[in-house]
Amino acid sequence: MSIYIRSSACISPQNTFGNDNFLNDVVEYTGTRFKAIEPDYKEFVDAKSLRRMSHMIKMGVAAAIKCLKNGHTEMPGAIITGTALGCLEDTITFLTRIIEQDEELLPPTAFIQSTHNTVAAQIALMLKCHQYNNTFVHKGISFESALLDAMMLLKEKEADNILVGGADEMTDASFAILSRLGLYKRWPVSNLNLYSAKSKGTVGGEGVAFFLLTDKPSENNLAELTAIRTIYKPANLEDIEKRVIQFLGEHSLNINDIDLVITGKSGDMAHDDIYEQLNQSLFIRSNLANYKHLSGEYPTSMAFALWLASNIIKNETVPETVIERQVKKIAPKRILIYNHYQKIYHSLILVSAI
């Protein structure tokens, strides 16, 4: 049974939302943190509700509604989201007020909206959708877990037109904490030179991407979501290579059948060595692309990568800005995405032309 991506919508540090120019106008950042370019939310949410929504909820709701609109669907059969850190802004607001107000007379809004499933719940409330609603909080594979759940629902004929999204935000507090833990670079760097700046740490990012999944074939579908695999703490590089070969083999493919490999290189010397070694071994004859110089690093950045891959297939073109190595110039029909988060959570997604 085939599963298709009918439509998508993405809010990111690039002009990816409602923009027909597919990454032709790349936004350059110089620093160690990217902020999402936000649309005019009044198109999607009334002003009264908008005032009560945090940054993350606004992004999630707008991307979800836009995705449904792009897929000419009014009501999804299920809503599934993946987020590693949830609504951080609301969580920090609530915790700060506990301290400032001495644990007394606390307004409940920030607490209510601080739970990880707030984005999925808010979308359901706005659409009056009473169908299956779930949120996965699985650190670096939260979005992939949501995708797996959606694929199982489709295969079991439990739902159709499933809205799946990945969302994470960056706040001043979380950026400061993660910087102290050494996740981000100590000195400003241009995102266009991210991979040539050989130093520890990467650049922080944020974003939301939603997809409408269906088992119904249509010429309007973006791409086919062929397969997904998550790997927890592989033993070594040989283990990763073996798992990739096995993953492709399960679909009667080998690495030579893949037209483009999108990797999660982040400009962090400590974490990019896996990609560098694979690029010189298993992926030696493959066309290569990267995406984190556009989105920044965050736990659900695979959602941005899937948005990129599905639109590359639909548009039959690879944006110049993402190309790392071009062995053969072709319109990709099969794309393999490989990413790892902190060398712990590894994931593979295979996307094919319809």
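Exactly one residue among Val137, Val119, Val164 is under 30 Å from Arg33 (Cβ atoms) and open to solvent by 40 Å² or more (accessible area, probe 1.4 Å), and that residue is Val137.
Starting from residues that are of a type in the set (A, V, I, L, M) and in a loop (DSSP other than H, G, I, E, B), keep the ones in the stretch 144-198 and report whichever is nearest to Gln342 (Cα to Cα).
That would be Leu183.
Condition (residue is outside any loop (DSSP other than H, G, I, E, B), without any contact (Cβ under 8 Å) to a residue 40 or more places away in the chain and either not basic (Lys, Arg) or not assigned by TED's automatic domain parsing to the domain that holds Ser142 (or both)) applied to the stretch 199-217: is it met by at least one residue? Checked the stretch 199-217: no residue is outside any loop (DSSP other than H, G, I, E, B), without any contact (Cβ under 8 Å) to a residue 40 or more places away in the chain and either not basic (Lys, Arg) or not assigned by TED's automatic domain parsing to the domain that holds Ser142 (or both). Would you be able to say whether some residue in the stretch 108-116 is touching a strand residue (DSSP E or B) at 6+ places or on another chain (Cβ under 7 Å) and closer than 30 Å to Lys42 by Cα? There is at least one residue in the stretch 108-116 that is touching a strand residue (DSSP E or B) at 6+ places or on another chain (Cβ under 7 Å) and closer than 30 Å to Lys42 by Cα.
Based on what the data block shows, is Ala235 of a type in the set (Gly, Ala, Ser) and either free of Cβ contacts under 8 Å to residues at least 24 places away in the same chain or open to solvent by 80 Å² or more (accessible area, probe 1.4 Å) (or both)? Yes: the conditions hold for Ala235. Criterion first (crowded, with 18+ Cβ neighbours inside 10 Å and at pLDDT 95 or above) does Glu206 satisfy it? Yes: the conditions hold for Glu206. No other residue among Glu89, Glu74 is open to solvent by 70 Å² or more (accessible area, probe 1.4 Å) and at pLDDT 95 or above apart from Glu74.
What residue, among those in the stretch 99-143 that are assigned to a loop (DSSP other than H, G, I, E, B) and acidic (Asp, Glu), is farthest from Val61 (Cα to Cα)?
Within the stretch 99-143, the match that is farthest from Val61 (Cα to Cα) is Asp102.
Applying the selection to the stretch 1-47, what residues are of a type in the set (Gly, Ala, Ser) and either under 18 Å from Trp307 (Cβ atoms) or part of a strand (DSSP E or B) (or both)? Residues satisfying the conditions are Ser7, Ser8, Ala9, Ser12, Gly18, Gly31, Ala36. From the list Asn287, Asn311, Asn254, the lone residue that is without any contact (Cβ under 8 Å) to a residue 24 or more places away in the chain and not assigned by TED's automatic domain parsing to the domain that holds Gly31 is Asn254. Scanning the stretch 101-117 for residues that are under 22 Å from Gly205 (Cβ atoms) and under 18 Å from the mean Cα position of the chain (by Cα) turns up at least one hit.
Of the residues making up the stretch 230-249, those that are in contact with a helix residue (DSSP H, G or I) (Cβ under 9 Å, 6 or more places away or on another chain) and not acidic (Asp, Glu) are Thr230, Ile231, Tyr232, Pro234, Leu237, Ile240, Val244, Ile245, Leu248. The residue pairs whose first member lies in the stretch 168-196 and is outside the structural domain of Gly264 (by TED's automatic domain parsing), whose second member is loosely packed, with under 12 Cβ neighbours inside 10 Å and part of a loop (DSSP other than H, G, I, E, B), and whose beta carbons are closer than 7 Å, counting only pairs six or more residues apart or on different chains, are Ser190/Glu28; Asn191/Glu28; Leu192/Glu28. The residues listed here are Ile323, Ile335, Ile312, Ile330; of these, the one that is open to solvent by 20 Å² or more (accessible area, probe 1.4 Å), touching a strand residue (DSSP E or B) at 6+ places or on another chain (Cβ under 7 Å) and among the hydrophobic types (A, V, I, L, M, F, W, C) is Ile323. Is it the case that the stretch 31-38 has a residue that's farther than 30 Å from Lys155 by Cα, polar (S, T, N, Q) and at pLDDT 95 or above? Within the stretch 31-38, one or more residues are farther than 30 Å from Lys155 by Cα, polar (S, T, N, Q) and at pLDDT 95 or above. Condition first: touching an Asp or Glu at 6+ places or on another chain (Cβ under 9 Å) and open to solvent by less than 10 Å² (accessible area, probe 1.4 Å). Can you find one or more residues in the stretch 94-111 that meet it? There is at least one residue in the stretch 94-111 that is touching an Asp or Glu at 6+ places or on another chain (Cβ under 9 Å) and open to solvent by less than 10 Å² (accessible area, probe 1.4 Å).
The set of residues in the stretch 49-62 being open to solvent by 80 Å² or more (accessible area, probe 1.4 Å) and either at pLDDT 90 or above or in a loop (DSSP other than H, G, I, E, B) (or both) consists of Arg52 alone.
The values are calculated or read from the model by the stated rules, or taken from the named source; none is laboratory data. Keep in mind that this is a model prediction, so the values were computed, not measured. With ideal geometry, Cβ positions are generated from the backbone for all residues, glycine too; neighbour counts draw on all protein chains shown. Keep in mind that these areas ignore ligands, DNA and RNA; they rest on the heavy atoms of the full protein, side chains included. Shrake-Rupley method; radii C 1.70, N 1.55, O 1.52, S 1.80 Å.
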